[in-house]
Structure formats: structure tokens, C-alpha cells
Amino acid sequence: KQEVTQIPAALSVPEGENLVLNCSFTDSAIYNLQWFRQDPGKGLTSLLLIQSSQREQTSGRLNASLDKSSGRSTLYIAASQPGDSATYLCAVRRNAGNMLTFGGGTRLMVKP
Amino acid sequence: DVKVTQSSRYLVKRTGEKVFLECVQDMDHENMFWYRQDPGLGLRLIYFSYDVKMKEKGDIPEGYSVSREKKERFSLILESASTNQTSMYLCASSPSYNPQGLETQYFGPGTRLLVL
């Protein structure tokens, strides 16, 4: 059974710092991996999707990497801003049915 | 823009009540999903549906049932609500499978359910 773990569970940084969020998964047979953002009391918004054949994806200040063989992904946020404060979740897609297995999330606070 | 709406943002029910949570999507997506989200546990899949009248159990289906009579609507039913079903419930939809595997899930805002 696929298990997804995110470390740390919470993170507080001053504005402007570069930071890395970590995600690990136990079964390397994945279709893709996604990073989502969730603002308090809201639904999830997809940030980046990395296919199983890719090593990384970039969008603006965000860069996500994938190392399938070691079962790891990282989300790098450059020059963090207070508006980046949210919970970040990674999710692994298991199969063709688009079923996702989620990690527990990292709650990020960026202080002005 | 894809829009996924959920019938209530907040709901308070009593133990033993029958509870209906409704989800509607406007993008003609084949797949729809119900998750619950609890602190530190992330999202856990309750049920999903890949077509009208079709449903599959997710990881934690016990105590729940679902209904999909129309393509745009997916309902989650708590037959007899219990306090351990107090949680945030999130609905999502996605298009059907494509070979590139690029389809993502689009989420509603969630329903926070409190069972007393």
C-alpha cells in the first residue's frame, strides 16, 4: 500500500528565504506526483504536476523535483513571500483511474 | 475555469442523523471523488465515481455511501452520522484518463461537518 509522508509538518520562515518542502513515498510505481496548495478553510489548488518520466517542473518561483527510484520529491520555493503562507500537500497518482494518495501536508508560514 | 461547488460550507448534525453532502461540477468531468481531511492525516479517499451510476470504494468507505445519478452531481451520504465522522469533506472532479497522465483533480471549497 502506497504511503506518502511530508516533512516537516510545519515551517515558519522570514520573508525572502528560499525553502524546501519534502515528500517521500513508499512505492515507486507511480503515474505522476502533484503538489497542491491549500489556504485555510479552502479547497486545494494544483501547483505543479510531474510525470513519472520527468525529473522536475517549474512554475514561477516554484520548482518541484522527482526522484522515483528513491521515492522522493521536493518543492523548492524561492524568495518566499507572506502570500505563500498556506498548507502544501503532495499527492501521488496510483493508477489510470486518477486515484491519488496524499501526504499529511506541510503548513508554511512566511513572516513579513 | 473549472468550478466545483459543494452544497454547504458548514454543517452541524446530531449523532444518528442521515446526512447528505452534495457536489456539483460544471466541466463535464467523468471522474468525481469524495475525500475527508483530518489534521495531520492529509486527504483520504472515501469513494470515487468514473461514470454515472458507477462507484468504487476508496480507502475509508465504512459508514459512507454515495450516489451519482447525473454526470455533474456526486452525493456523499452518511447513513447514521457518528462523532468520528466530524471532519472536513472535500469533493473533486477530473477528466477521464488521457495517455499523458496530465489530468489533475479540481477541488471544491470543502464542507466542515460537526457531528454532536
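The values are calculated or read from the model by the stated rules, or taken from the named source; none is laboratory data. Everything numeric in this text was worked out from a predicted model, so none of it was measured. Cβ atoms come from the backbone with ideal geometry, glycine included; neighbour counts cover every protein chain shown. These accessible areas exclude ligands, DNA and RNA; they are computed on the full protein's heavy atoms, side chains included. Shrake-Rupley method; radii C 1.70, N 1.55, O 1.52, S 1.80 Å.
Below are the figures for this structure:
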quantity	calculated
Sulfur and carbon atoms: percent of accessible area, the protein assembly as shown [1.4 Å]	50
Over region A:18-91 - Rg/Rh using Cα atoms and the Kirkwood inverse-distance radius	0.96
Simple spin-label estimate for A:Glu15 and B:Glu62 in nanometres, 7 Å along Cα-Cβ	4.9
Eligible lysines near A:Lys42 by straight Cα distance, threshold 29 Å, same-chain separation 8 or greater	A:Lys1, A:Lys111, B:Lys3, B:Lys13, B:Lys18, B:Lys53, B:Lys55, B:Lys57, B:Lys70, B:Lys71
Chain A, accessible area per residue, ligands and nucleic acids excluded (1.4 Å, Å²)	46
With DNA, RNA and ligands ignored, accessible area of A:Ser70 (1.4 Å probe; Å², nearest 10)	60
Accessible area (Å², per residue) of chain B, counting only protein heavy atoms and a probe of 1.4 Å	49
Low-density loop positions, trypsin sites (Lys or Arg not before Pro), region B:1-70 - DSSP coil, at most 12 other Cβ in 10 Å	B:Lys3, B:Arg9, B:Arg14, B:Lys18, B:Lys53
Added length on full extension, which subtracts the Cα-Cα distance from 0.36 nm per residue, A:Met109 to A:Ser59	16.0 nm
Percent RCO, i.e. relative contact order, over chain B, from Cα pairs under 8 Å lying at least 6 residues apart	35
FRET efficiency for B:Asp28 and A:Asn95, using Cβ-Cβ distance with R0 set to 22 Å, rounded to 0.05	0.45
Gap separating the Cα centres of region A:62-100 and region A:10-48, nearest whole Å	4
Buried area at the A-B interface (accessible, heavy atoms, 1.4 Å probe, summed, Å²)	1800
